[in-house]
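Here's the structure we're looking at; comments come further down.
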Amino acid sequence: MDLRRYLTREGNPLPEGTLVVGGGLIVNGLATFAFLAIAGRVLGPEAFAPLGVMWALVFFAGPGLFLPLEQEVSRALANRWARDLGVGTLVRQAATIGAVTCVVIGVIALAVWPFVLDDLLRGDATLLFSFLVATVGYAAVHLTRGLLAGEGRFGGYARLFVGEGLPRLVLAGLLAVLGVEVAGPYGAIVALAPFLGVALGLRGERDLVTEGPTAEWGELLAAMGSLLVASLSAAFLLNAGTLAVEYLATPSQEEEAGIFLAALVVARVPLFLFQAVQATLLPKLSALAGAGRFTEFKSRLGRLVAVVAAIAVLGTVGAAILGPTVVHLMFGEEYSVNAPDLAMLALAMGIFMIAVSLGQALIALSGQGWVAVGWATGAVLFVVTTALGSDLFFRVEMGLLVGAGSAAVVLGSVGWVRLHSHLRAMPHTLTPLDDLPTE
């Protein structure tokens, strides 16, 4: 591997496949915004609220539970392919882990339906069923993404995003034309979309799974405990706002969860754009750490955090000035959110992006356990802060700010200590990049 070209801008500064995957992400993101806007306009705030709760549950359980599986499958498959070993046993083990997880989630969801979910979903059993189906779908999505990424098949990876996003949008448009004004069918579209994405992602891919030596379970499970805690906590922090508003709302505030989700969608626009950076950050920092280039590691991370902080400030100001108008244009006049609420949500999302950057850096420094601690701290403080408040939106917004901020502080503090311990051990920068051989 040409380390100099990988770490500098003289070669391609992004990992292979980043632009292709980024294109798929853009299509998926735009389609997602349009889907939510159509559903929000057709259903109105009150009927949109339980769909918003189901949406939050799906994207808490999906990435929260199965992103670690994707990460470990991708890592393990890449490692095996580099050694020219077959991956059949390992893929079957990953599928088994995903299937068992889906069964556990199904049992838990059915058990708590009469006590919690019935109220959150307004008694709509169709939405519960759609949530359970979507959980299976996103288990398949993350397993497929891990398989495709681990084998460097980024075209299929990008097609998966497109196949998930566009059909969801088209079907929602069809329901809107037909005048469907109940949440259940839109929930069914959410459940169907991941399966369509997997089908398109795998189309034309040949010889994905080849047989090889038996894989030890530890090959997949070694780091999944810490990654699972971190992923669940981060997903909870990102999606719990809508759930909290629905849970805390009084009978006279039945529309508020739908309105809050509309505001959150707009406030998350910078976070959506940040995904392209997030996808490339860990490989870059890992390469620098692996090469012992901790001075440059510190410099690049500092520049990135400064840029993300600037984006957070701009996003907050933009949300305060333009946010209410954008919410009205996307979702309709019934969705009324004031500028301070949107500004607080945008600021929380900006701090969340900083925390993600710091967490990726800490993973590159082999601090997965501390990453779990950081995100878990944020999730706990979100709950505590929200429970202590009174005003419905403000208490949740403060919870998101405190949760994201505390996660960023923990991740940044531990990362600073780890990075400077490396710098003390290696106080002088290694050979300047310009002096590294190109071969």
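Laboratory data are not the source of any read-out in this text; all were calculated from the coordinates shown. All figures in this text were calculated on a predicted structure; none of them were measured in a lab. Here the Cβ positions follow ideal geometry from the backbone for every residue, glycine too, while neighbour counts run over all protein chains shown.
Compactness of the range 91-165 was expressed as the Cα radius of gyration divided by 2.2 N^0.38 Å, which yields 1.35.
Give me H142, H420 ranked fewest to most by other Cβ atoms within 10 Å of their Cβ, as a rough exposure proxy.
Lowest count first: H420, H142.
Full extension of the chain between E205 and I108 yields a length gain of 31.4 nm, computed as 0.36 nm times the residue separation minus the alpha carbon distance.
For the peptides 401-412, 257-268, residues were scored by their other Cβ atoms within 10 Å and the scores averaged per peptide; the highest-first order is 257-268, 401-412.
This ranking places I108, I354 by how few other beta-carbon atoms lie within 10 Å of each, fewest first, which gives I108, I354.
Regarding the range 226-430, what is the average projected area of its C-alpha convex hull, in nm²? The number I arrive at for the range 226-430 is 11.2 nm². Translational diffusion coefficient of the range 136-194 (Stokes-Einstein, Kirkwood radius from Cα pairs, 25 °C, 0.890 mPa s): 195 µm²/s.
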